[in-house]
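Take a look at the structure below.
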Amino acid sequence: MESGTVTAAAAGTWKLGDQVVNRLGFGTMRLTGNGMDGNSDGAPIDRDLAVGLLRSAVDQGVNHIDTAAFYFSPLRSANELINRALAPYRDDLVIVTKVGPGRDPSGEWLPMARPDQLRGQVEENLRQLGRDHLDVVNLRRNGITSVAEHFGALAELRQAGLVRHLGLSSVTPEQLAEAQAIAPVVCVQNWYGLDQRRADTSGLLDACGRQGIAFVPFFAISGRRREAAADDTHDERLRAVARAHGATPAQVRLAWTLHRGPHVLAIPGTSDPAHLAENIAAGALRLSQADLDTLDGTHRPPRCA
């Protein structure tokens, strides 16, 4: 489908707490050249190109930016790029970051932060982004079973004014309920897409919808390959739907995600300006029920170990 003439507003809007965002946002991980698992996606793009890409995203209607202090490589920091590109920040721009995991200066992953260490992680994000408060902070569960103590620590930072809204990442419905008993949760960020639907079988996606919580998938385009490109994994039925709409398979994957409910957002990341325009254009792609039925046939539940 044609890109460059559609803005992120075509995907519709949802609220993160009291802040309205377009459902098509932008994830910054790929700008650093490093993936969440520590593997490199390749050399980071030129700094000026990255700055221009962020500004272009906002110019095209993106007002929801996803980041983290642990999104960095030896040459790039996602937060630093955001600061350089977008400060002073527009009032309608919502920057969502994550805490919990951490990395040392060499890039090695550290154990999950203790509850008393979360303030330091929040302050690190504040410093890098050049802000006096964070719009949304997600607690990324990294191996812990109960989120209560960690989420309680973040709730205290919210009461202190360092954080405006709280969310969760990589959690179960039970952990969402545990957090909700402590403080309001405005979003849940989990791995979800056409090839990875654990949030459907667990009931998490529907639970978020019933409570008005934004559900924000990551790896929605790449499917089971996580940070890697999914170009060689597209089912022929997916390709057929894409051809029928004059779209790319990646655009159809994004559109499918947005069709899962009005509370479902998307934060695709890219370091390619052309792909940025394509991702934003996917917000205007309307799939028929026949398309959705066809795409449902492409899903193969993961094999049990």
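Tabulated values for the structure
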{"quantity": "Members of the stretch 70-95 found to be exposed (fewer than 14 other Cβ atoms within 10 Å of the Cβ) and in contact (Cβ under 8 Å) with a residue 60 or more places away in the chain, listed by number", "calculated": "ASP92"}
{"quantity": "Selection status of PRO217, of a type outside the set (A, V, I, L, M) and over 19 Å from PRO262 (Cα atoms)", "calculated": "no"}
{"quantity": "Residue in the stretch 87-96 that is in a loop (DSSP other than H, G, I, E, B), under 22 Å from ALA50 (Cα atoms) and over 21 Å from the mean Cα position of the chain (by Cα) present", "calculated": "yes"}
{"quantity": "Checking LYS98 against (1) touching a residue at least 60 places away in the same chain (Cβ under 8 Å); (2) over 21 Å from ALA277 (Cα atoms); (3) in contact with a Leu (Cβ under 6 Å, 6 or more places away or on another chain), the condition it does not meet", "calculated": "(3)"}
{"quantity": "The lone exception for HIS133 - which of (1) touching a Leu at 6+ places or on another chain (Cβ under 8 Å); (2) buried (at least 19 other Cβ atoms within 10 Å of the Cβ) it fails", "calculated": "(2)"}
{"quantity": "Hits in the stretch 119-152 (condition: touching a Lys or Arg at 6+ places or on another chain (Cβ under 7 Å) and not aliphatic (A, V, I, L, M))", "calculated": "HIS133, ASP135, ASN138, ARG140"}
{"quantity": "Residue that is modelled with the lowest pLDDT, among those in the stretch 278-305 that are out of contact with any helix residue (DSSP H, G or I) (no Cβ under 8 Å at 6 or more places or on another chain) and not in a loop (DSSP other than H, G, I, E, B)", "calculated": "ASP296"}
{"quantity": "Residue within the stretch 213-224 that is among the small types (Gly, Ala, Ser) and at pLDDT 95 or above present", "calculated": "yes"}
{"quantity": "Flag for ASP48 being at pLDDT 95 or above and not in a helix (DSSP H, G or I)", "calculated": "no"}
{"quantity": "Single unsatisfied condition, VAL58 versus (1) in contact with a helix residue (DSSP H, G or I) (Cβ under 7 Å, 6 or more places away or on another chain); (2) part of a loop (DSSP other than H, G, I, E, B); (3) modelled with pLDDT of 95 or more", "calculated": "(2)"}
{"quantity": "Failed condition for ASP232, given (1) of a type outside the set (A, V, I, L, M, F, W, C); (2) closer than 23 Å to ASN190 by Cβ; (3) at pLDDT below 95", "calculated": "(2)"}
{"quantity": "Pairs where the first residue, in the stretch 1-24, is acidic (Asp, Glu) and the second is part of a helix (DSSP H, G or I) and at pLDDT 95 or above, C-beta under 9 Å, 6+ apart", "calculated": "GLU2/ALA281"}
{"quantity": "Matching residues, the stretch 238-292, being in contact with a Gly (Cβ under 7 Å, 6 or more places away or on another chain), hydrophobic (A, V, I, L, M, F, W, C) and surrounded by fewer than 21 Cβ atoms within 10 Å (Cβ to Cβ)", "calculated": "ALA277"}
{"quantity": "Inter-residue pairs, beta-carbon under 6 Å, first free of Cβ contacts under 8 Å to residues at least 40 places away in the same chain and within 15 Å of GLY203 (Cα to Cα) and in the stretch 158-181, second surrounded by fewer than 22 Cβ atoms within 10 Å (Cβ to Cβ) and small (Gly, Ala, Ser), 6+ apart", "calculated": "PRO173/SER202; PRO173/GLY203; PRO173/ALA207"}
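The values are calculated or read from the model by the stated rules, or taken from the named source; none is laboratory data. What you see is a predicted model, and the numbers here were worked out from it, not measured in a lab. Cβ coordinates were reconstructed from backbone atoms using ideal geometry, including for glycine residues, and neighbour counts include every protein chain displayed.
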